[in-house]
Amino acid sequence: MDKETRIHLIKKLEVAELDGDKAMIDFETGKYFLLKGAANDIWDIIQEDITVGDIINKLRAMFDVSEEECMEATISFLENLKTLGFIEAIN
């Protein structure tokens, strides 16, 4: 995954807001997830197709973080979402 990779959400989850965090439920698997911090923002950003580079630009506008640190953390989170089958990464 790199800056040019397009992220496409393939699995919509039920999401509830809890004190600034997001609780997400995957009814197909019965698993639930809690998103905190920047993960909330990434989830909101990927509701429509977007490139990894654009995600990073949006996050850097919100947070005081280096491009390298932002890219590393963002790609790690997106890889987890991909492994769970929530997104597809299109090169």
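Amide H to amide H under 5 Å from T5: which residues, 5+ apart in sequence or cross-chain, H placed 1.01 Å off N in plane?
V52, G53
Just how far, in whole angstrom, is the stretch 38-52 from the stretch 64-89 if you go by their alpha carbon centroids?
If you average the Cα positions of each part, the centres end up 10 Å apart.
Hey, what do the phi angles of the stretch 13-22 turn into as Karplus ³J(HN,Hα) couplings, whole Hz, using 6.51/-1.76/1.60 and θ = phi - 60°, x for Gly and Pro?
Once rounded to whole Hz, the list reads 10, 6, 10, 10, 7, 9, 6, x, 9, 10.
Highest GNM mean-square fluctuation, the chain, Cα pairs closer than 10 Å: which of L81, L18, L59?
L18
Kirkwood hydrodynamic radius, computed over distinct alpha-carbon pairs, for the chain: how many Å, to one decimal?
Hydrodynamic radius (Kirkwood, Cα only) of the chain equals 13.4 Å.
Sorting check: for 34-44, 20-30, which peptide has the highest mean count of neighbouring beta carbons within 10 Å, and how do the rest follow?
34-44, 20-30
Mind giving me the nanometre distance, one decimal, between the label points for D2 and E88, set 7 Å out from Cα along Cα→Cβ?
2.2
Only the coordinates and a few stated rules stand behind these numbers; no lab work does. In this text the structure is predicted, and so the values were computed from the model without any measurement. Neighbour counts are summed over all protein chains in view; Cβ atoms, including those assigned to glycine, are modelled from backbone coordinates with ideal geometry.
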